[in-house]
Amino acid sequence: MVRIRVLVVDDHRIFAESLAAALAAEPDVDVSAAGSGPAALRCLDRAAAEGRRYDVLLVDADLGSTASALQGVRPAVPVHDGQADGLVDGISLVSGVRSGQPAVRTVVLAEKDDPRRAALALQAGASGWVAKDCSLSRLLTVIRGVLRDETHLPPALLTGVLRELTAARKHRTESERLVESLTPREREVLRCMVAGLGRKAVAERLFLSPHTVRTHMQNVLGKLGVHSTLAAVALARRAGVGPVDLAGDVVERGGQLA
């Protein structure tokens, strides 16, 4: 029998324990639970190192928004806490898992339907969005479905999610068009801005004077139609522009980028 390895990630301890115990009763499911995003990441890393990767993550949509769970109750399935390492929200966890372990499927568990957040979850790499109060049989159907590369959403959310995804694509396309209007040097300056570099650091990296960098930055803001570096960075990220590689070589002097 092929067994499915599931990790429940929820900082509501009672819910996490109850759901993990219910899933553990299934003959083809092995389940663990984590009480925070950092704890989940440690579980994933440890399992990968031991050659026992998880197949599916069930992630609380509101992860990180609650206080630490009740203490002193012996869990049916151990819940690993990791609050001391900081909080990781549900959508960020989905994105991180998608980047680090793309073979792992993630399903977001939500207390209420929210088309915008569901769309964000799908964009981050989630394979499904399921109500926390759904039946166990429904949840198992979703778990097995996402392992067949299916995407699962409640029917009532489909129209709203499609609308959100369409709007996001429209904004991305417009952002891409604006970024394409930049010169190669301006795009390099924008990538430095995305990396969080200030004017002096950009000047040193690109072998330019601070005055020249200031002019480039002003041109970038003008062409993108924004009034601040933060807005420019947000637009750049929507367009898929990543930060300059701070660990790599500096840009050559002169050439087409000058």
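The values are calculated or read from the model by the stated rules, or taken from the named source; none is laboratory data. Everything numeric here is computed off the predicted structure, so don't read it as measured data. Every residue, glycine as well, gets a Cβ built from its backbone with ideal geometry; the counts of neighbours run over all protein chains shown. Ligands, DNA and RNA are stripped out before the accessible areas are found, and what is left, the full protein with its side chains, is counted by its heavy atoms. Shrake-Rupley method; radii C 1.70, N 1.55, O 1.52, S 1.80 Å.
When you scan the stretch 30-50, how many residues do you find that are closer than 17 Å to Arg3 by Cα, open to solvent by 20 Å² or more (accessible area, probe 1.4 Å) and in a helix (DSSP H, G or I)?
The total comes to 1.
Let me confirm something: among Gly240, Gly248, which residue is on the phi > 0 side of the Ramachandran plot, of a type outside the set (S, T, N, Q), modelled with pLDDT under 90 and assigned to a loop (DSSP other than H, G, I, E, B)?
Gly240
If I filter the stretch 16-25 down to residues being out of contact with any Leu (no Cβ under 7 Å at 6 or more places or on another chain) and surrounded by fewer than 18 Cβ atoms within 10 Å (Cβ to Cβ), which single residue comes out as farthest from Leu41 (Cα to Cα)?
Ala25
Which one of Ser127, Ser137 is open to solvent by 60 Å² or more (accessible area, probe 1.4 Å), in the same structural domain as Leu157 (by the TED database) and without any contact (Cβ under 8 Å) to a residue 60 or more places away in the chain?
Just one listed residue meets the conditions, Ser137.
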